[in-house]
Amino acid sequence: MKQYILDDSDDLWEHFAKLIGEVSWPAGKYLANEMIGGKVPDWERVIVMMDDDKLAGFCAVVREDIVKGTGFSPFIGFVFVSEPYRGQHLSQELVKLAESQIREIGFHKAYIVTKHVGLYEKLGYQEIDTAIDQLGRKMRILAKAL
């Protein structure tokens, strides 16, 4: 499994945006459009895991996630594992890679917005708030000191 830590200056940026835009999850297309549209700037990153030429999974380190105006940042968002790779703890690997990037950038806390219960708690995240996302859903905001 090969890992790529990408910013918008990377030569493979558009190639991976295309792959991300083809996944089954609608948020993948949203992230791909943000990538191609130049809306993933500054210190934000996209992390991709490839199995030869197959997209195994991805996530992003972003200033703001689907819940806007929280006052929290940065977020680990868009965590996705392709169907054939599920059950192999790749989401945990992606989150750990994102945490490393967040530390490298100079932040000491990471946030995650999710409806899921249990997955991120295994990695040390704790619920600190709830909020309504852009689609009108109640979401949990989790945090972890790094």
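The values are calculated or read from the model by the stated rules, or taken from the named source; none is laboratory data. Just so we're clear, the structure is a prediction, and the values are computed from it rather than from any experiment. Counting neighbours? That spans all protein chains shown, and the Cβs are built from the backbone with ideal geometry, glycine included. All accessible areas refer to the heavy atoms of the entire protein, side chains included, with ligands and DNA or RNA removed. Shrake-Rupley method; radii C 1.70, N 1.55, O 1.52, S 1.80 Å.
Within segment 135-142, is there a residue that is in contact with a Phe, Trp or Tyr (Cβ under 8 Å, 6 or more places away or on another chain) and more than 23 Å from Met50 (Cα to Cα)?
yes
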- request: Only residues in segment 129-143 that are in contact (Cβ under 8 Å) with a residue 40 or more places away in the chain and loosely packed, with under 12 Cβ neighbours inside 10 Å count as the first member; pair them with residues that are of a type outside the set (Ser, Thr, Tyr) and not in a strand (DSSP E or B), Cβ under 7 angstrom, at least 6 apart or cross-chain, and list the lot.
  value: Gln134/Ile66; Gln134/Lys68
message: So in segment 18-32, with the set limited to residues that are more than 19 Å from Val113 (Cβ to Cβ) and of a type outside the set (A, V, I, L, M), which one is least open to solvent (accessible area, probe 1.4 Å)?
response: Gly21
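Scan segment 97-107 and tell me whether some residue there is aliphatic (A, V, I, L, M), under 17 Å from Glu34 (Cα atoms) and over 10 Å from the mean Cα position of the chain (by Cα). Step through it out loud before you land on a result.
Step one: filter segment 97-107 for residues aliphatic (A, V, I, L, M), giving 97-98, 102, 105.
Applying the additional criterion that residues be under 17 Å from Glu34 (Cα atoms) yields none.
No, because not a single residue in segment 97-107 is aliphatic (A, V, I, L, M), under 17 Å from Glu34 (Cα atoms) and over 10 Å from the mean Cα position of the chain (by Cα).
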message: Whether any residue in segment 20-37 is hydroxyl-bearing (Ser, Thr, Tyr), part of a helix (DSSP H, G or I) and either on the phi > 0 side of the Ramachandran plot or free of Cβ contacts under 8 Å to residues at least 60 places away in the same chain (or both) is what I want to check.
response: yes
task: Look at segment 74-112 and say how many of its residues are open to solvent by less than 40 Å² (accessible area, probe 1.4 Å) and not in a helix (DSSP H, G or I).
output: 12
